[in-house]
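What follows is calculated from the coordinates using simple rules that are stated; it is not laboratory data. Only a predicted model underlies this, so the values are computations on that prediction, with no experimental measurement involved. Cβ sites come from the backbone with ideal geometry, for glycine too, and all protein chains shown count toward neighbours.
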Amino acid sequence: MNYISTRGDRSERGFSEILLEGLAPDGGLYLPTHYPKIDDATLARWRGLSYADLAFEILGLYITDIPAADLRALVQRTYTPQVFGTTQIVPLKPLEAGLNLEALSNGPTLAFKDMAMQLLGNLFEYELKRRGQTLNILGATSGDTGSAAEYAMRGKQGVRVFMLSPNGRMSPFQQAQMFSLQDPNIHNLAIEGVFDDCQDIVKATSNDLAFKRKYRIGTVNSINWARLLAQVVYYFAGYFQATKSNAERVSFTVPSGNFGNICAGHVARMMGLPIHKLVAATNENDVLDEFFRTGTYRVRKGAETYETSSPSMDISKASNFERFVYDLLGRDGARVQKLFKDDVEQTGSFTLSGEEFKRIAGFGFVSGKSTHADRLATIRDTWERFGTMIDTHTADGLKVAREHTDAGVPMIVLETALPAKFAETIREALGRDPVRPAGLEGIESLPKRYTVLPVDAQRVKDYIASHCGEL
């Protein structure tokens, strides 16, 4: 299996090369040359596998330049009950009939990002050791990616992490998870802007090919195909738990800001997983909801990006969205290049033609929006009726999921994080604090280690250059 860029560069690269590279040289995102199609017999065989064995089967279709025995060992070391708290790894939590939560937040940082990041850390360490190289990881986070990446990479040989976050725009718990880490290979850079400013700096730095090569810059954001690929696995795992036979279909609702999590569902559907609907749930930053309703993708400026109680979705430029649009437009790289490099970068938006917009229905996508008042109501209702406490992002998903249910089709809402990460809103909704996992009771009071920088890609590059001799 090889990979090509969404912006027209059809030079094929192997998995291990794009694992360390991030963005393609033309600024596009990598996708496989084709999606492997899963037949009914294979689906039936996979139904009885453990999560680690299922992950090996799926990843093995896309990772063909790592020996199978090595890949199996990496996967078996990643997906263990010791790391994820249960033998099922991603158990379903039934609510009312036909509506389930898929528990994705039992990893070390209490967020779904651990599902992919724990594997990515092991893949990076393996590949760098195999090549005798080091890597400087540059990432941006609106809340959960940063801590998941840092906990996965801390202490890893040959890896440094430079993580950008919007200064003051994460929950105190999220901030403490990152800034309290004292490992010398972890660098937290608090940017005086919004998440999209952080993401733009990462892309600008990655597009400076001379700097990228000199300082060996890689990425852990969901623009890295390996991370998105790892997320494909839990769509299959959720489907198998919610159904008894391959004749059944399910729908998934995904709280979405950067479009990485739900894009993994798109990949699973393209492979042949019987998905009826993929429901994108946004908060007040409703760029994706607007697109799926109208065909217009309109990026908001920083001043128009709301600071909400589901901060990991406070995003108005969905970096993974380009992958779906590439497939939607029949893999026309020139058209994608025009839309994202010319139209979005020059005017801040694009609008699909009427014919292009009609194609969306064929990919199963629908969408909806949730507000702070909706979040409070959904958190309260879920606690009072089911005794289940959910976080703010999962509440966005649950609210929108109920707008798109169909009789006889199970709906699975992907859990985003544990409520302990968003105590202020939980108190507002329920009048009580969420329970914290053992060992995290006083995390906000730990000493913090971070650097505040302006919205300036050159300042970030200067910081990276001056801290590359520490390992």
Checklist entry - In whole angstrom, how far apart do the alpha carbon centroids of the stretch 74-114 and the stretch 220-259 sit? => result 12
Checklist entry - For the stretch 183-189, in order, what is each residue's ³J(HN,Hα) by Karplus, 6.51 cos²θ - 1.76 cosθ + 1.60 with θ = phi - 60°, in whole Hz (x at glycine and Pro)? => result 4, x, 8, 10, 10, 9, 10
Checklist entry - For the chain, with only Lys/Arg (+1) and Asp/Glu (-1) charged at the beta-carbon, what is the dipole magnitude about the Cα centre, in debye rounded to 20? => result 760
Next on the checklist: Under the rule a/c < 1.5 gives rounded, and otherwise a/b versus b/c splits prolate from oblate, where does the chain land using the Cα gyration tensor?
Outcome noted: rounded
Checklist entry - Taking θ as phi - 60°, what are the ³J(HN,Hα) couplings along the stretch 312-329 by the Karplus curve (6.51, -1.76, 1.60), each to the nearest whole Hz, with x for Gly and Pro? => result 5, 10, 7, 9, 10, 9, 7, 5, 7, 4, 4, 5, 5, 4, 4, 5, 4, 8
Checklist entry - So, with +1 on the Cβ of K and R and -1 on the Cβ of D and E, and no other charges, what is the size of the charge dipole of the stretch 293-370 about its Cα centre, to the nearest 20 debye? => result 140
Next on the checklist: Please compare each pair in Lys113/Lys341; Lys113/Lys358; Lys301/Lys461 to a cut-off of 25 Å on the Cα-Cα distance and tell me which ones are over it.
Outcome noted: Lys113/Lys341; Lys113/Lys358
Next on the checklist: Can you return the lysines within cross-link range of Lys338? Criterion is Cα-Cα under 18 Å, with same-chain partners fewer than 8 residues away left out.
Outcome noted: Lys203, Lys317
Checklist outcome for this item: Everything considered on the Cα gyration tensor (a ≥ b ≥ c; rounded for a/c under 1.5, else prolate if a/b is larger than b/c, else oblate), the stretch 103-211 must be described as oblate
Checklist outcome for this item: Projected onto the charge dipole of the stretch 7-124 (unit charges on the beta-carbon of Lys, Arg, Asp and Glu, signs +1, +1, -1, -1), the Cα from Leu54, Leu20, Thr64 with the largest positive-side position is that of Leu54
Checklist outcome for this item: Under the Karplus relation with 6.51, -1.76 and 1.60 and θ = phi - 60°, whole-Hz ³J(HN,Hα) for the stretch 272-281, x at Gly and Pro, equal x, 5, x, 9, 7, 10, 10, 9, 8, 9
Checklist outcome for this item: per DSSP, antiparallel bridges as share of beta bridges in the chain, % nearest 5, sits at 25
Item to check | Placed amide H near Ser367: partners under 5 Å, 5+ positions off or other chain | outcome: Ala280
Item to check | Burial ranking of peptide ranges 358-365, 160-167 (average Cβ count within 10 Å, highest at the top) | outcome: 160-167, 358-365
Next on the checklist: Could you tell me the calculated FRET efficiency between Asn207 and Glu355, based on Cβ-Cβ distance and R0 = 35 angstrom, to the nearest 0.05?
Outcome noted: 0.65
Checklist entry - Mind checking Rg over Rh on the stretch 312-446, alpha carbons, Kirkwood formula for Rh? => result 1.08
Item to check | Dipole of the chain [Lys/Arg +1, Asp/Glu -1 at C-beta], most positive-end residue of Thr388, Ala44, Pro311 | outcome: Ala44
Next on the checklist: Just to be sure I understand the model, the point goes 7 Å from the Cα along the line to the Cβ. What's the resulting Asp381 to Arg331 distance in nm?
Outcome noted: 4.2
Checklist outcome for this item: Across all Cα atoms of the stretch 203-332, Rg and the largest Cα-Cα distance (Dmax), in Å, are 16.6, 53
Next on the checklist: I need two numbers for the stretch 311-389: Rg to one decimal and Dmax as a whole number, Cα atoms only, in Å.
Outcome noted: 17.7, 52
Next on the checklist: Run the simple label-point estimate for Asp65 and Arg427 please: 7 Å along Cα→C-beta, distance reported in nm.
Outcome noted: 5.1
